[in-house]
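Before any comments, here is the structure.
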C-alpha cells in the first residue's frame with residue numbers, strides 16, 4: 001500500500017489539474033471545476049501539515065537507473081514556500097471564479113503543483129522535472145491572452161526550456177564531481193556544474209539581461225493568467241538560490257543591479273501591468289542581494305520578503321486585472337478618474353501600493369528592512385559595501401515612485417478619462433479584500449508580524465517598529481512623494497505615451513531582426529544570381545551540344561549518320577563493357 005505521507009504534496013495538485021482538463025464543458029461543470037480549483041490547494045496544505053514533523057523530512061525515495069532520487073524534502077526553508085504557494089493558489093482560484101475556462105483551471109493547478117513539488121524536491125534531477133513542468137504548464141496562461149500573446153508565449157517557452165536544459169547539464173556535471181550525489185543542498189560556484197545551475201536559476205529569477213521574458217510575457221497573458229504567473233516561477237527560483245547559493249558574493253552585486261535598473265524603465269512605461277512586471281524584477285533584486293549576504297538575518301528577511309511580496313504583488317496585479325476586465329486596457333494614457341467607478345478596487349490598489357513601498361503598518365515594512373539592515377551590518381564589517389547600501393535605498397525610493405504612486409495615481413486619479421464602468425466582480429473583490437487584509441495583518445505591530453517571524457527558518461531578533469526605523473522610512477517615502485509632486489508640477493515627469501518601451505530585448509526584437517532581414521536579403525540576391533548564372537551556363541551548354549551533335553551540326557559533317565550513329569556507337573561500347581565484366 002502506498003503511504004500518502006511519502007507523496008510530494010505538489011503531485012496532488014498536478015493530478016487534480018489533469019482531472020480538471022477532463023471535466024466536461026458546461027455551466028454546471030464549470031462551477032464544480034472552480035470549487036475543485038479552490039479546494040485542492042487547501043488539501044495540499046493539509047497534507048504538508050500532516051507530513052511536517054518539526055524536523056527535516058526526507059521521503060519518497062526512488063531508485064531509477066542507478067540513481068537515488070529523493071522526491072520529498074520538507075524543512076524550515078521549503079515549508080514556508082509550500083504553505084505560501086497553497087495560500088496564493090486559493091486566492092487565485094477565488095479571483096478567477098468568474099472565468100469559465102477549462103484550460104486556465106487545469107494549467108493553473110498543474111503550474112502551482114509543479115512549483116510546490118519543485119520546492120519540496122530533495123535532489124537536482126527531481127527539481128529539473130518540475131522546473132520544466134512549470135514552464136510547459138504556465139505557457140497556456142499566456143496564450144489565453146489572445147492572438148497578440150502567441151509570440152510572447154513562444155519566446156517565454158523557449159527561454160524557460162533553455163533554462164531547464166542548462167539546469168540538467170549543470171546537474172549532470174555537478175553529480176559527476178560529487179561521485180553521483182545529486183542532493184539539492186548547497187551547490188556554490190566552485191565547479192562548472194554549479195555555475196551552469198546558477199545561470200539556469202538566473203534566467204527564471206530575472207538576472208540582468210535575462211529578465212526580458214517577464215516584461216514581454218506577463219502583460220500579454222490573460223487577466224487571471226498574469227496574477228497566477230506573478231506568484232510561482234520567480235519565487236521558485238529564489239528558493240533554489242536560497243537552497244544552493246547562500247553567501248555567494250556575486251549575488252550581492254547582481255541583486256543590487258536588479259533593484260535599480262527597472263526603476264528607470266518603469267518610470268517611462270505606459271502599460272501598468274508592464275510597470276508591475278518591472279517592479280517584480282526590482283523586488284526580486286532585494287531577495288537576491290539578501291541571499292548573497294547570507295547571514296541569518298538576511299535569510300530571514302528574504303523568506304519574509306518572499307512571503308509578503310507574493311501577496312501584495314498579486315494584489316496589485318489583481319487590481320490591474322480588474323481594471324482590464326472592466327475597461328479593456330491598462331494603458332496609463334487611456335486611464336484616470338476610475339476611483340469614481342471602481343472605488344473599492346482603488347482602495348485595494350492603494351493598500352498594495354503602500355505594502356510594496358514599505359509604509360509602516362503595511363507588509364514590506366517588517367521584511368525589506370531586515371535585508372537592508374543586513375547589508376548595512378555587512379558594510380560596517382567589511383567597509384566595502386556602502387555603494388550597495390546606497391543602491392538599495394535608491395531602489396526603495398524608486399519602487400515608491402513607480403508602484404506606490406504611479407500605478408494607483410495614473411489608473412484611478414490623475415486626469416479624468418471619462419470612463420464610467422461597473423465595479424469589479426464580487427469574486428475579484430473578495431480575493432483582493434483577503435490579500436489586502438493579509439498585507440495589514442502581517443505588519444500589525446501587536447503580534448501580527450511576530451506570526452510571520454515565527455515562520456522564518458532562524459530565530460528572529462529584530463524589532464521593526466523602532467523610532468529610528470519608522471522615522472527614516474517616512475523620510476525616504478516622503479522624499480519620493482515630494483520628488484514626484486515637484487516633477488509633475490513643473491511638467492518634468494515623463495508623460496504617458498502610446499508606445500512600447502524596448503529593453504534588452506531590443507537585441508533580438510529589433511537589432512536581431514534587422515540582421516536576420518539583411519542576411520535573408522543577401523541570401524535571396526545570392527540565390528537569384530546563382531540561379532541566373534546556372535540558367536545561362538545550361539543554355540550555353542545546350543546550344544553548344546546542339547551545334548555539335550544535331551543533324552546540321554559539326555559531327556554530322558564528319559559522320560554520315562550524325563547523332564543517331566553516335567548514340568548507337570555509344571550503346572555498343574557500353575554493351576561490350578558490361579559483357580566483359582560479366583563474363
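Summary table
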| item | result |
| --- | --- |
| Ranking of 362, 432 by count of other Cβ atoms within 10 Å, fewest first | 362, 432 |
| Relative packing of peptides 124-136, 482-494, 371-383, 412-424 - highest average C-beta neighbours within 10 Å first | 124-136, 371-383, 412-424, 482-494 |
| Per-bin percent of Cα-Cα distances, region 214-259 [5 Å] | 5, 18, 20, 20, 15, 13, 7, 2 |
| Folded to 0 to 90 degrees: helix 250-268 orientation relative to the chain principal axis, Cα | 90 degrees |
| Cα-projected label distance for residue 165 with residue 422, points at 7 Å along beta-carbon direction, nm | 4.7 nm |
| Kirkwood Rh in Å, taken over all unlike Cα pairs in region 349-497 | 17.4 Å |
| Residue 450 versus residue 264: modelled label distance in nm, points set 7 Å from Cα along the beta carbon direction | 4.6 nm |
| Helical contribution to [θ] at 222 nm, DSSP H n ≥ 4, -39,500 (n - 2.57), averaged over the chain, rounded to 500 | -23500 deg cm²/dmol |
| Extension gain, residue 6 back to residue 150 (0.36 nm per residue minus Cα-Cα distance, nm) | 47.9 nm |
| Principal axis dimensions, largest first and in whole angstrom, of region 246-498 by Cα | 56, 38, 31 |
| With Cα atoms, 0 to 90° folded angle of helix 223-244 axis to the chain main axis | 90 degrees |
| Inter-label distance, nm, simple model (7 Å from Cα along the C-beta direction), residue 527/residue 53 | 6.6 nm |
| Protection-proxy order for peptides 334-344, 107-117, each taking the mean of Cβ atoms within 10 Å per residue, highest first | 107-117, 334-344 |
| Cα-derived Rg to Rh of region 69-210, Kirkwood definition | 1.01 |
| Using alpha-carbon coordinates, inclination of helix 562-582 to the longest axis of the chain, degrees | 70 degrees |
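FYI, it's all coordinate maths here, none of it is from the lab. Since we're looking at a predicted model, the values are computed, not measured. Note that we place each Cβ from the backbone using ideal geometry, even for glycine, and neighbour counts take in every protein chain shown.
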